[in-house]
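Structure record follows, encoded as structure tokens.
No value in this document is a laboratory result; all are computed from the given coordinates. Note that the structure is predicted; figures quoted are calculated from it, not measured. We place every Cβ from the backbone using ideal geometry, glycine too, and count neighbours over all the protein chains shown.
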Amino acid sequence: MTGRRSKKPLFERGLIPVPGAPLVWRDSQHFDRWQDRPCALCDQPTPMRSHSGELVHKACAEDWIAANPTEARLGRFASDVQPNRRRNDDHA
């Protein structure tokens, strides 16, 4: 063992939204109810966490994706995995 730790996500990532689209962070693991810490992008206190545990407001992450569309494809911020729908809501 080399002593280096791999950066493993805390939980499974979903899709990376297109610039300007909202992130879907519904999983409770995005919220630390015990401690607000400085956002990595704006330095204001936040209880929010990304999939990798990075301290970041959801709005700051969405703004970062819009400002850095090429880098965003590398997956710094992503939406939650969306469960498959069980029923057909198409009433056309």
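The table that follows gives values for the structure above.
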| item | result |
| --- | --- |
| Every residue from region 30-45 that is more than 16 Å from residue 57 (Cβ to Cβ) and either surrounded by 15 or more Cβ atoms within 10 Å (Cβ to Cβ) or of a type in the set (Gly, Ala, Ser) (or both) | none |
| Residue in region 46-58 that is surrounded by the most Cβ atoms within 10 Å (Cβ to Cβ), counting only those that are in contact with a Pro (Cβ under 9 Å, 6 or more places away or on another chain) and not in a loop (DSSP other than H, G, I, E, B) | 46 |
